[in-house]
Structure formats: C-alpha cells, structure tokens
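For reference, the structure discussed in these notes is given below.
We did not get these values from a lab; they are worked out from the coordinates using the rules stated. Note that the coordinates shown come from a computational prediction; the quantities given were computed from them, not determined experimentally. Quick reminder, even Gly has a Cβ in these numbers, built from the backbone with ideal geometry, and neighbours come from all protein chains shown.
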Amino acid sequence: MIHGVGCGGDVWDRMMPAFEAGGWACEAPTLFPDRRVKDNPPASLAELGLDDYIASMTTKAREMAKTAGEKPAVIGHSMGGLIAQVLAERGEVSQAVFLTPAQPKDCADIGPSVAITFLNILLQRNRKKSYKVWRTGFDFGVTNCVPKRLRDEIYSQALYDSGKVYGDLTDGIEIDETKINIPTLTIAAGKDRATLASAVRKVGMKYSHAAVAGDFLEYPQNAHWIVDEPGTDKVAADIVEWLARTRVKETA
C-alpha cells in the first residue's frame with residue numbers, strides 16, 4: 001500500500017482492516033520517514049526525487065515477493081498511484097490498483113482546483129527546497145469531503161516532500177501501457193480537486209488498452225481523501241472484491 005505526497009503509511013489505517021479480512025497480509029511503509037517529517041525537514045530531503053521513491057517501493061515489492069514466494073499486489077493513492085503504475089509496467093507486482101492517482105504525462109489534466117490545492121508550491125517552484133501543502137489548499141482540494149471537525153487532525157499529520165518530487169509529478173513520466181500484462185483497476189472520485197476525475201478517466205482509458213485490459217470505477221460522491229472519508233468502506237470493499245476476482249496465483 002503506497003501513500004501519496006505529504007502522507008505516511010498511516011493513511012491506510014481506515015482501509016487496511018477490509019483487506020486483512022479478505023485474507024491479505026498488508027504492508028504500508030512510509031517513504032523515507034527519517035527525512036519526510038512534519039516539521040523542520042533536514043536539508044537532505046531536497047535531494048530526493050520521484051525516482052528515489054520508485055526505487056524504494058521496487059525494493060519493497062521484491063522483498064515481499066521473496067518472502068511470500070509470489071509477487072505482491074499493490075494499491076497506490078495519489079502519488080502512490082503513479083508509483084504503482086510504474087511497478088505494474090516493470091512487472092514487479094501481480095495486480096495493481098490506482099486510487100485517485102497522479103497521472104503519467106499523456107494523461108495529465110491540470111485545472112484551476114489543482115492549482116489552488118498546490119498554490120504555495122506552484123508560486124515558488126524551487127526544486128532545491130522542501131514543501132508541505134498549505135492548509136487552505138489541503139482543505140479545499142484534499143479533504144473537501146471530510147467532516148470539518150476531523151480536518152485538523154488529518155492536516156496535523158502532513159509531511160514535507162522535496163520540491164524535486166513535486167516538480168517530477170508536475171513534469172510527469174512516461175509509462176508504456178502495452179507492457180502491463182497484469183490486472184489493473186483505476187479509481188476516480190467525482191469531487192476530487194487534486195487529481196481531477198477527468199484526468200483519472202484518461203488513466204483508466206490508457207490502461208484499457210494494456211496487454212491485459214484494465215478496469216475502471218468512479219465514485220461520484222468521493223473526493224481525493226477517498227482513503228478516509230464518508231464512503232471509504234464501500235470503496236475498500238469493492239477493491240477487495242476486485243482483487244479476489246482477478247487474482248491469478250503467480251510465483252515470484
């Protein structure tokens with residue numbers, strides 16, 4: 001389970017019990033927890049780019065495959081959804097779920113709401129600094145469907161990421177869908193202001209042309225914090241059902 005930008009592995013706490021009840025052994029690592037912190041990030045954080053995150057999760061997938069004797073399934077949220085796409089392209093996983101994912105270059109769709117969400121970062125555009133999404137943007141574009149009484153606690157857990165990572169996400173990366181020969185599921189949220197449903201629909205369409213045609217679901221009443229907001233339990237149940245239905249046992 002791969003988290004998004006500004007988050008840690010604890011974002012999966014709401015969903016994880018549904019997967020465990022479905023028979024899955026789950027791991028939700030936090031990327032570079034010694035550098036991606038809540039306050040006063042070390043200067044070394046700015047050295048990390050998206051490639052470092054991808055390399056870390058590739059290593060994790062291979063470790064899990066070695067332990068279990070079969071490649072793991074992966075679910076990625078937001079930035080983690082883009083990392084999951086790379087793992088799927090490279091054949092590191094057996095199934096992949098892209099949950100309101102960041103998009104590869106050919107699917108990008110940046111609207112005004114995305115700019116508002118990340119405005120404090122866009123205004124500086126400094127790849128040598130580290131950033132945390134500003135509170136106004138977080139409320140507007142990430143937790144807009146979360147009850148207001150819960151938003152303070154969620155934002156208090158937000159972590160810094162490097163300007164390089166934010167720049168890499170803006171630039172986009174290329175993914176060859178013809179190399180993806182495993183089941184994939186792309187999920188959009190109709191009220192998402194950070195990864196627009198229109199963009200995620202393009203991702204779903206892209207993977208419908210993969211070597212194994214991907215599936216697509218959209219939840220009209222959910223937003224970007226689909227990992228822990230009203231309706232999350234239904235989303236988790238649907239993913240668990242999809243994983244069970246499409247699973248093919250494969251040795252690592």
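Comparing 215, 233, 34 in a Gaussian network model of the chain, where Cα atoms under 10 Å apart are tied by springs, the biggest mean-square fluctuation is seen for 34. Considering every alpha-carbon pair of the range 33-152, the percent of pairs per 5 Å bin, from zero through the bin containing the longest distance, is 2, 10, 14, 18, 20, 17, 12, 6, 2, 0. Taking the chain as a Gaussian network of alpha-carbon nodes connected by springs under 10 Å, the highest mean-square fluctuation of the residues 105, 179, 148 belongs to 148.
Note on the range 51-97: the C-alpha convex hull projects to 2.8 nm² when averaged across all orientations. Computed from Cα positions, the angle between helix 50-68 and the longest principal axis of the chain comes to roughly 30 degrees.
Helix-derived [θ] at 222 nm for the chain: sum -39500 (n - 2.57) over DSSP H runs of at least 4, divide by residue count, nearest 500? Show your work: numbers first, answer last.
Values: 10 runs with 94 residues, N = 252.
Per the formula, -10500 deg cm²/dmol.
How high is the relative contact order of the range 9-246, in percent, counting Cα pairs under 8 Å that sit 6 or more residues apart? Can you show the working numbers first?
On the way: 435 pairs, mean separation 56.5, N = 238.
It comes to 24 percent, rounded to a whole number.
The aspartates and glutamates whose alpha-carbon is closer than 18 Å to the alpha-carbon of residue 234, local same-chain residues fewer than 8 away aside, are 13, 20, 192, 215, 218.
Between the helical axis of 79-89 and the dominant principal axis of the chain, each derived from Cα atoms, what acute angle in degrees is found, rounded to the nearest 10? So the helix axis and the longest Cα principal axis differ by about 30 degrees.
Legend: calculated FRET efficiency, residue 113 to residue 238, from the Cβ-Cβ distance at R0 = 30 Å, rounded to 0.05, equals 0.75. Distance from the C-alpha centroid of the range 182-215 to that of the range 3-36: 21 Å, rounded to the whole angstrom.
With all pairs of different alpha carbon atoms counted, what Kirkwood hydrodynamic radius in Å does the chain show?
On the way: mean 1/r = 0.0556 Å⁻¹.
Radius from the Kirkwood sum: 18.0 Å.
With neighbours defined as other Cβ atoms within 10 Å of a residue's Cβ, the residues 113, 162 order from fewest to most as 113, 162.
Among the trypsin sites (Lys or Arg not before Pro) in the range 23-59, those placed in a DSSP loop whose Cβ has at most 16 other Cβ atoms within 10 Å are 38.
What pairs from 60/132; 38/179; 66/128; 60/206 go past 32 Å between their alpha carbons?
Details: 60/132 25 Å; 38/179 37 Å; 66/128 36 Å; 60/206 26 Å.
With Cα atoms farther than 32 Å apart: 38/179; 66/128.
Could you tell me the distance between the Cα centroids of the range 127-181 and the range 231-248, to the nearest Å? Between the Cα centre of the range 127-181 and that of the range 231-248, the gap is 24 Å.
Which of rounded, prolate, oblate describes the range 168-213, given a ≥ b ≥ c as roots of the alpha-carbon gyration tensor eigenvalues and a/c under 1.5 marking rounded, otherwise prolate only if a/b is larger than b/c? Since a/c reaches 1.5 but b/c is at least a/b, the shape of the range 168-213 is classed as oblate.
Shown here for the range 151-213: GluC sites (Glu not before Pro) in loop regions (DSSP other than H, G, I, E, B) with at most 15 other Cβ atoms within 10 Å, namely 174. Helix 232-246 axis versus longest C-alpha principal axis of the chain: approximately 30°, rounded to the nearest ten.
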